[in-house]
Amino acid sequence: MTQNSAAQGKKALIIGAGTAGMASAITLSRIGIEIDIIDINPNWGALGAGLTITGPTLRALKQLGVYDEVTNQAYVGDGIQVCDPQGNPLRILPTPMLEGADTAGSGGIMRPTMHSIMHKHVEDAGVKMRLGLTAEAFEQDDKGVSVSFSDGTTGRYDFVLGSDGVLSKTRQLLFPDAPKAEYTGQSCWRLFLKRPESVERRTYFLGGPVKVGFTPVSKEHMYMFLLERCPQRWQEPEDNYKTLKQLLEGYDGILADIRESLTEKDNPHINFRPLECFDLPGPWYAGKVLLIGDSAHPTTPQLASGAGMGIEDALVLAEIFQKESNVEKAFAEFMERREKRCRLVVQSSMEIGRLEQQRAPVEQQTAVVEKALNILKEAI
């Protein structure tokens, strides 16, 4: 149901229909803002094996109104099991939440499942969506933004949100001299698997040549991730299972079982991606165009908080526009509330990645995780 707000009756364009874009379409529609959303992909959907969800992200999903759907279709629990390369349990990292949060502290979900849940809410909100389309230029004045689209059409909006990811074209148009995404020195492997009964929660295997982990995404399934330190490269898909088998050499227990089971038929289910990141200076807006999600604060997956930060962006924007009709003032308040928290995620994730590559002691790696999660548990 649409709520009265200071910004009711405004019209906004969202560029990029990923997690942050869809969350913003949902929250802003609820306060009476008319939303158009575009995405460059004509075959729009969710790719990849799974998505790890922290407690703060689960809290954000509850505020968004989709927590029950997520818990019914995914995995939620508490704690992160830390094991050595032989599979021996070392300790359980806490995943703390504020008292009264009424959500689990950790979780995992298939990306297509999350996409489907959020897409339904976008449709229910009556949001106008166009696919296979990009914004080519912005012309701003005191009253709004005129947008030129790649199909030759134009649109007029009170404000624009760029949520088009780490390689954001919106960011390039707004800030042509902004830093570019750089390779971190690590690449990430992901593989969707059946979930053994022994995998009760999120699990890390630390102390070996690579970092390996499991994230349950349902009662029956999980995905495995492996972070490899290597020069930047693009992996030939037909070699995926062979390379992954080599990287798992020296690991015992369940990881040895997975290594032995890998065959050529697993290649289509193995995802390989170099990790890129950068720290974008503020402000993340120019006039009436604001960057959110990975367009503004792209992060590596070490803290599993990228999607959560995008959803939080959407919640905070709607809260601000509930009481503030001036777009520039709203964007300035957004920066005050979001920059420090989002930068914590980016910088902590990059620090964890550096420690992983240095093969730092397990205690040093987990200390960064614990410190960040304790800060992130605080309400947005």
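Within the range 317-327, the residues that satisfy the criterion of being out of contact with any Ser or Thr (no Cβ under 8 Å at 6 or more places or on another chain) and either farther than 18 Å from Gln8 by Cβ or not in a helix (DSSP H, G or I) (or both) are Glu324, Ser325, Asn326. Here the range 126-143 is the region considered, the condition is being outside any strand (DSSP E or B) and more than 16 Å from Asp39 (Cβ to Cβ), and the residue that is modelled with the lowest pLDDT is Gly126. Of all residues in the range 322-343, those that are over 17 Å from Gly306 (Cα atoms) have Cβ atoms under 9 Å from Cβ atoms of residues that are surrounded by fewer than 17 Cβ atoms within 10 Å (Cβ to Cβ) and of a type in the set (A, V, I, L, M, F, W, C), 6 or more apart or on another chain, in Gln322/Ala6; Lys323/Ala6; Glu324/Ala6; Ser325/Ala6; Asn326/Ala6; Ala330/Ala6. Would you pick out the residues in the range 88-113 that are part of a loop (DSSP other than H, G, I, E, B) and in contact with a strand residue (DSSP E or B) (Cβ under 7 Å, 6 or more places away or on another chain)? Within the range 88-113, Thr95, Ala104 meet the criteria. Here Leu161 passes the criteria (1) in a strand (DSSP E or B); (2) at positive phi except the one numbered (2). Do we find that Asp142 is out of contact with any strand residue (DSSP E or B) (no Cβ under 8 Å at 6 or more places or on another chain), within 15 Å of Gly287 (Cα to Cα) and either acidic (Asp, Glu) or surrounded by 11 or more Cβ atoms within 10 Å (Cβ to Cβ) (or both) in this structure? Judged against the criteria, Asp142 is a match.
If you go through the range 301-326 and keep only what is within 19 Å of Val346 (Cβ to Cβ) and either acidic (Asp, Glu) or within 9 Å of the chain's Cα centre (by Cα) (or both), you end up with Pro301, Ala304, Ser305, Gly306, Ala307, Gly308, Met309, Gly310, Ile311, Glu312, Asp313.
In the condition set (1) assigned to a helix (DSSP H, G or I); (2) under 20 Å from the mean Cα position of the chain (by Cα), Asn72 is compliant with all but (2). If you go through the range 201-232 and keep only what is surrounded by fewer than 22 Cβ atoms within 10 Å (Cβ to Cβ) and small (Gly, Ala, Ser), you end up with Gly207, Gly208, Ser218. Can you work out which of the residues in the range 155-196 that are closer than 30 Å to Ser29 by Cα and of a type in the set (Phe, Trp, Tyr) is surrounded by the most Cβ atoms within 10 Å (Cβ to Cβ)? Within the range 155-196, the match that is surrounded by the most Cβ atoms within 10 Å (Cβ to Cβ) is Phe159. From the set of residues in the range 21-42 that are of a type in the set (Val, Ile, Thr) and in a loop (DSSP other than H, G, I, E, B), which is farthest from Ser325 (Cα to Cα)? Here the answer is Ile40.
Name the residue, out of Ala360, Ala332, Ala372, that is under 25 Å from Leu64 (Cα atoms), among the aliphatic types (A, V, I, L, M) and surrounded by fewer than 19 Cβ atoms within 10 Å (Cβ to Cβ). Exactly one residue qualifies, and that residue is Ala332. Condition check for Val122 on (1) part of a strand (DSSP E or B); (2) crowded, with 19+ Cβ neighbours inside 10 Å; (3) not polar (S, T, N, Q): one failure, at (1). Quick check on Leu173: is it under 25 Å from the mean Cα position of the chain (by Cα), over 22 Å from Gly9 (Cβ atoms) and part of a helix (DSSP H, G or I)? Yes; evaluated as a whole, the condition is true for this residue. Whether a residue is modelled with pLDDT of 95 or more, surrounded by fewer than 22 Cβ atoms within 10 Å (Cβ to Cβ) and in a loop (DSSP other than H, G, I, E, B) was assessed, and Gly45 does not pass this test.
Regarding the range 120-127, can at least one residue be identified that is of a type outside the set (A, V, I, L, M) and farther than 29 Å from Gly107 by Cα? Scanning the range 120-127 turns up at least one residue that is of a type outside the set (A, V, I, L, M) and farther than 29 Å from Gly107 by Cα. Being under 19 Å from the mean Cα position of the chain (by Cα) and either among the polar types (S, T, N, Q) or within 19 Å of Tyr204 (Cβ to Cβ) (or both) is a property that Ala104 has. Here Gly21 clears all of (1) surrounded by fewer than 24 Cβ atoms within 10 Å (Cβ to Cβ); (2) out of contact with any Lys or Arg (no Cβ under 8 Å at 6 or more places or on another chain) except the condition numbered (1). For the structure I just gave you, tell me whether Ser146 is modelled with pLDDT under 95, more than 30 Å from Glu363 (Cβ to Cβ) and out of contact with any Leu (no Cβ under 9 Å at 6 or more places or on another chain). Against the criterion (modelled with pLDDT under 95, more than 30 Å from Glu363 (Cβ to Cβ) and out of contact with any Leu (no Cβ under 9 Å at 6 or more places or on another chain)), Ser146 does not qualify. Scanning the range 298-317 for residues that are surrounded by fewer than 23 Cβ atoms within 10 Å (Cβ to Cβ) and touching a Lys or Arg at 6+ places or on another chain (Cβ under 8 Å) yields one hit, Val316.
The values are calculated or read from the model by the stated rules, or taken from the named source; none is laboratory data. Bear in mind the structure is a predicted one, so any value in this text is a computation, not a measurement. No Cβ is skipped: glycine too gets one built from the backbone with ideal geometry, and neighbour counts run over all protein chains shown.
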